[in-house]
């Protein structure tokens, strides 16, 4: 711990913040072992949730168990953390549908439960548990270590066979990445074969969805349908205005976005992409060798329409699946330009490989492996977690289905 001092040499005590409370909830080493709700019900934390760095509740997909006279009741959902119970109303969470899935409201200070909490949500107060520990200070918590340098303490079963097998890891991620890209190609084929959309319009919608990132992918796709490609090409001088006008009716998911990367800036980039470049021809002429992939991404970056990470995401999520469906990729892909490493990618890698792995050496420089981690996250970690002992990655390799392996964070 680094002690901070004022200009006169006196120690400066760091004030407790909401992020400190988030770290305490997330970290098994700090979270009190025997928790109770504000109504006195015993609570067991099976999984504190996935630390959400975007908009919405602080932790997603948490699992807690409540003790009762008739047995144990398991709750699955989200967790929101505040210093005081009244912060829930102050932040208007009760009117925000993103918080409808909250099952646990964690606060530092006690107080009356907010009336707009979801019906089945429980309240847990942490502060009184630390009041009897005079040695505790917020300065003891290294906030920079969260969420990725501090994981729930129990190892995941998959790490037993992956930690010392780099070749197995590479093969697993490559195969998972190819599988994910083929799923995308099959989806494109299904839409086109059922005449649900024309090829050019579908390509336009897919690019727009990729430009929306995860948070606003549906919104961008909706705008692409309300302002179809034919209209953009017929009135190129009004393309940006048409997209921005449609965007004014959209409820955006707004996180910590820089102005140059706001949804409206990306819509302007989309208008330029389809009216000022020949991206449809580029789709047909794309070279899928490593050099060809790099050149395609650099062309987009050179036009200052998007950064390298987003250009790589468009290439992987749109260009490659279209080429797979149309039979223009005849050999299995070995590498793709790396897109930005998202929270699900980083979290899945930490689960599989542990906090000591080197992202650059394993996946961060290879878009195919990033796709693989996304597929593993979606296929295994989301639906199965936290029952890791029942996961294919455990059973297929003869790993023990131990309760200690799946009940991490307790």
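A few comments on the model shown:
- Between 0 and 90°, nearest 10: helix 343-353 axis offset from the chain longest Cα axis: 70
- q = 0.07, 0.08, 0.13 Å⁻¹, the chain: log10 I(q)/I(0) [Debye, one scatterer per Cα]: -0.41, -0.54, -1.21
- log₁₀ of I(q)/I(0) at q = 0.14, 0.18, 0.25 Å⁻¹ - segment 267-354, Debye sum with one point per alpha carbon: -0.55, -0.84, -1.28
- Degrees between helix 367-376 axis and first principal axis of the chain (Cα, 0 to 90, nearest 10): 50
- Given their separation in residues at 0.36 nm each and the Cα-Cα distance between them, residue 195 and residue 73 gain 39.2 nm when the chain is fully extended.
- Whole-angstrom gap from segment 293-309 to segment 101-119, using each part's C-alpha centre: 46
- Secondary-structure-derived ellipticity at 222 nm for the chain, considering helices only, amounts to -12000 deg cm²/dmol, per-run term -39500 (n - 2.57) for DSSP H runs with n ≥ 4.
- The slack between residue 276 and residue 38, meaning 0.36 nm per residue of separation minus the straight C-alpha distance, is 79.7 nm.
- Cα Rg over Rh - segment 18-145, Kirkwood: 0.94
- Rounded tilt (10° steps) of 199-211 against the dominant C-alpha axis of the chain: 30
Readers should treat all values here as calculations from the given coordinates under stated rules, not as data from a laboratory. Small disclaimer: the values here were computed from a predicted structure and weren't measured.
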